[in-house]
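Nothing in this text is a laboratory measurement; each read-out follows from the coordinates by a stated rule. Just so it is clear, the structure is predicted and the values come from calculations on it, not from any experiment. Cβ coordinates were reconstructed from backbone atoms using ideal geometry, including for glycine residues, and neighbour counts include every protein chain displayed.
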Amino acid sequence: MQAVSTLVQPGMQQAQQQEQKGISAGVKNLFLMLQGSYGAPFLAKFSSGVKDEQGRDLGIRSTMKVWDARLAKFPADVLATAYERVIVESPEFPPSLPLIEKICEAAMPRKTYAQEQGLVALPAPKVEPVQVNVQKRDDGKDWARRILARIEAGDKSIPRYTRESAEMAMGRRAQMS
């Protein structure tokens, strides 16, 4: 029976040949920030001890590829948010991939029901502002005259309370006690 280390060696060399072609910038940046925050414990968690020609650890490279494949569905800004949250949630120990995935899922912007169902939003109504000319009398009731003139011109956007207040100010409606 062969030792596990002899079986892993060819797989690591194969991974080295494909070397980091598809690793996204978001995952590279995440690894950089996690390494800077956690230092040696982060590297030791994923290190295999097997180095490539450039002296890079193949265990970390393969870990980056696995993380890249699993985190590909998240945009770079969500990965950055996950980093900020993981530093708060787990300051003592480097995070695992499932923890990062869980935090990324929570950080993803949510879609509304209409977006999930593919429903098209209605366009905003086109409301033309009603223009009225009211002669100013400077008696403190010009605001009420403008409102009542807009109502008489057919403006339907005036709330009932505003209309009633304008009518009371002009003496058309009895004051409520």
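The figures follow:
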{"item": "For peptides 46-55, 112-121, sequence by mean Cβ density within 10 Å, most packed first", "result": "46-55, 112-121"}
{"item": "Mean residue ellipticity (222 nm) of the chain, computed from DSSP H runs ≥ 4 via -39,500 (n - 2.57), nearest 500", "result": "-17500 deg cm²/dmol"}
{"item": "Lys/Arg +1, Asp/Glu -1 at C-beta; region 16-111 dipole; positive extreme among 58, 97, 39", "result": "97"}
{"item": "Extension gain (nm, one decimal) between residue 47 and residue 28, 0.36 nm per residue minus Cα-Cα", "result": "5.3 nm"}
{"item": "Simple spin-label estimate for residue 124 and residue 174 in nanometres, 7 Å along Cα-Cβ", "result": "4.3"}
{"item": "Partners for residue 73 among lysines (Cα-Cα distance below 28 Å; same-chain residues under 8 apart left out)", "result": "21, 28, 45, 65, 102, 111"}
{"item": "Sequence of 158, 147 once ranked by neighbouring C-beta atoms within 10 Å, starting from the fewest", "result": "158, 147"}
{"item": "Length released on extending from residue 72 to residue 132, taking residue separation times 0.36 nm less the Cα-Cα span", "result": "15.8 nm"}
{"item": "Burial ranking of peptide ranges 24-30, 104-110 (average Cβ count within 10 Å, highest at the top)", "result": "24-30, 104-110"}
{"item": "Per-residue Cβ neighbour rank within 10 angstrom, fewest leading, 86, 132, 78, 127", "result": "127, 132, 78, 86"}
{"item": "Added length on full extension, which subtracts the Cα-Cα distance from 0.36 nm per residue, residue 153 to residue 106", "result": "11.8 nm"}
{"item": "Relative contact order of the chain, defined on C-alpha pairs under 8 angstrom at six or more residues apart (%)", "result": "15"}
